[in-house]
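Working notes, structure below.
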Amino acid sequence: MKYPVWFFRLLFAAWMIPAGLNHFVQIFPQPMGNQPLSMELIVALIDSHLFDLVKAVELLAGIGVLFGLVTPLSLLVCLPVSFGVFYWDAPLEGWGSIAALFGYGTLFTNSVLCAFYWDHYKSMFTVRTFVNERQQLVMIGRIVLGALVTLVAVNYLFVSEAPTGQQPLADLLMTSLVNSRLLFVALAVQLIAGLLLLSGFIMPLALTAQMIITSNALFWALILNQSPMLSLLTLVAFAINGLLMIAYLPYYRDILKDSPLARGETADSSYDALFINPHGSTSKAEYITALVTIVIAMAFFGLYMTGRTAEFCMLVMVYPAYVLVVRRFHDMGYSAWLLLAPLLIVLVAFDVQLGYYSMGEAMDGIINWLALAFAGAFMLWGCVAESKQSGQSH
């Protein structure tokens with residue numbers, strides 16, 4: 001079970017970091033869609049600057065998963081973004097389109113990783129929850145919030161038309177959300193969350209789902225629409241939502257743990273132990289299986305993606321690969337300084353491949369081959385050399 005965890009973590013981080021970074025520092029072209037609804041939505045997201053928040057979440061989630069920074073929280077926060085990617089790529093671009101494959105893959109990878117960390121999420125699914133302090137106040141808060149969001153959802157789903165923006169960007173974004181039907185997906189989620197809040201069932205999950213909707217509503221009302229009354233109402237809902245989540249904080253503690261273990265992992269044989277911390281050591285047997293995992297992940301991007309996108313995804317995986325080899329060299333009794341030369345050659349080769357640096361066509365080709373040869377030689381050395389320590393990962 002642990003090898004799929006490592007594989008999907010590498011894929012997720014290697015995809016999310018360049019995808020998020022690309023919005024702030026363009027490293028490859030941003031897809032703008034090929035269908036009217038997908039093009040309309042992406043333009044509205046970019047012009048309204050909501051895309052800034054989406055891409056910031058992608059970037060931070062990718063960094064969190066790569067470096068083991070509250071991994072369950074990073075995955076959970078990114079899950080709505082992954083659904084948005086899926087929705088844009090599949091329903092809007094076409095269920096059978098090439099873009100849809102990226103949508104399926106993004107949502108699948110994020111969901112599978114969440115499943116691997118289920119032990120850290122299951123307290124959020126507690127049916128009957130309790131708070132130790134201010135029980136009456138908490139009950140009033142959940143009923144007020146539940147009634148408010150339920151009425152809003154019912155109104156826009158079954159009674160009235162969606163609100164129109166008073167400002168150009170607010171109207172642009174709302175129109176695209178209505179046309180793409182994404183607004184009604186959000187309202188359906190809000191309706192379910194509202195009913196759960198009113199019933200008092202599965203409160204942590206309901207509050208989390210509603211916070212996603214409330215945050216986006218606050219952005220639209222306060223930043224884009226700039227309507228005083230609507231902004232105040234949304235701020236109140238946001239505040240109550242946040243305070244209730246604090247009241248139910250014990251049910252969220254597991255997703256805030258540092259260096260959590262996924263299904264099948266142990267403290268000495270986990271992603272965090274092998275790919276993040278360069279100060280320990282890794283046995284030959286553990287090293288080989290981990291190396292095979294990261295090579296397969298790199299090959300995945302090399303085979304199924306092209307151009308600068310694939311190259312940047314593989315570049316992200318240089319860090320966990322380097323840490324893995326460093327730990328193996330510690331176990332072999334050698335200094336990690338030996339790996340500095342091949343690391344520099346690999347980084348120069350990436351610079352050349354990405355077009356940031358060139359010493360001429362012939363020399364560029366030589367650098368690429370040198371990088372492959374040096375990196376391969378040091379990695380293979382780790383596969384055949386004997387351990388000089390205990391033979392266990394530390």
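The values are calculated or read from the model by the stated rules, or taken from the named source; none is laboratory data. Note that the structure is a prediction, hence the values are computed from the model and not measured. Backbone-built Cβ (ideal geometry, glycine too); neighbour counts: all protein chains shown.
Does Ala13 satisfy the condition of being of a type in the set (Gly, Ala, Ser), on the phi < 0 side of the Ramachandran plot and surrounded by fewer than 22 Cβ atoms within 10 Å (Cβ to Cβ)?
So Ala13 fails the test.
Residues of region 33-45 being within 30 Å of Leu69 (Cβ to Cβ) and without any contact (Cβ under 8 Å) to a residue 12 or more places away in the chain, which ones?
None; the set is empty.
Any residue at all in region 350-364 that is closer than 22 Å to Thr293 by Cβ, out of contact with any Pro (no Cβ under 9 Å at 6 or more places or on another chain) and either modelled with pLDDT under 95 or loosely packed, with under 13 Cβ neighbours inside 10 Å (or both)?
yes
Counting only residues that are part of a loop (DSSP other than H, G, I, E, B) and either out of contact with any helix residue (DSSP H, G or I) (no Cβ under 7 Å at 6 or more places or on another chain) or not hydroxyl-bearing (Ser, Thr, Tyr) (or both), which one in region 276-306 is modelled with the lowest pLDDT?
Thr306
From the list Ala341, Ala371, which one is small (Gly, Ala, Ser), closer than 23 Å to Pro18 by Cβ and part of a helix (DSSP H, G or I)?
Ala371
Residues of region 239-258 being crowded, with 18+ Cβ neighbours inside 10 Å and in a helix (DSSP H, G or I), which ones?
Correct list: Ile240, Asn241, Leu244, Ala247, Tyr251, Ile255.
Only residues in region 57-70 that are assigned by TED's automatic domain parsing to the domain that holds Val85 and closer than 16 Å to Val85 by Cβ count as the first member; pair them with residues that are of a type in the set (Ser, Thr, Tyr) and outside any helix (DSSP H, G or I), Cβ under 7 angstrom, at least 6 apart or cross-chain, and list the lot.
Here the result reads none, with nothing in region 57-70 linked to a residue that is of a type in the set (Ser, Thr, Tyr) and outside any helix (DSSP H, G or I).
Name the single residue, out of those in region 90-104 being of a type outside the set (A, V, I, L, M, F, W, C) and crowded, with 19+ Cβ neighbours inside 10 Å, that is farthest from Arg181 (Cα to Cα).
Once the filter is applied, the top-ranked residue is Gly103.
Filter region 26-42 for residues that are in a helix (DSSP H, G or I) and under 22 Å from the mean Cα position of the chain (by Cα) and give the result.
Scanning region 26-42 gives Ser38, Leu41, Ile42.
Are any of the residues in region 312-322 surrounded by 16 or more Cβ atoms within 10 Å (Cβ to Cβ), in contact (Cβ under 8 Å) with a residue 12 or more places away in the chain and outside any helix (DSSP H, G or I)?
yes
Taking the condition crowded, with 22+ Cβ neighbours inside 10 Å, among the small types (Gly, Ala, Ser), within 25 Å of the chain's Cα centre (by Cα) and not in a loop (DSSP other than H, G, I, E, B), does Ala273 pass?
yes
Just for helices (runs of 4 or more DSSP H) wholly inside region 66-166: which have at least 3 residues that are under 30 Å from Pro320 (Cα atoms) and modelled with pLDDT of 95 or more?
Because the criterion is at least 3 residues that are under 30 Å from Pro320 (Cα atoms) and modelled with pLDDT of 95 or more, the helices (runs of 4 or more DSSP H) in region 66-166 that meet it are 71-87, 98-116, 118-121.
Checking Leu53 against (1) in contact with a Phe, Trp or Tyr (Cβ under 9 Å, 6 or more places away or on another chain); (2) outside any helix (DSSP H, G or I), only one condition comes out false. Which one?
Failing condition for Leu53: (2).
Given Leu261, Leu230, Leu224, which one is in a loop (DSSP other than H, G, I, E, B) and out of contact with any Gly (no Cβ under 6 Å at 6 or more places or on another chain)?
Exactly one residue qualifies, and that residue is Leu261.
Scan region 54-89 residue by residue and report those that are among the charged types (D, E, K, R), more than 8 Å from the chain's Cα centre (by Cα) and crowded, with 23+ Cβ neighbours inside 10 Å.
Hit for region 54-89 is Asp89, nothing else.
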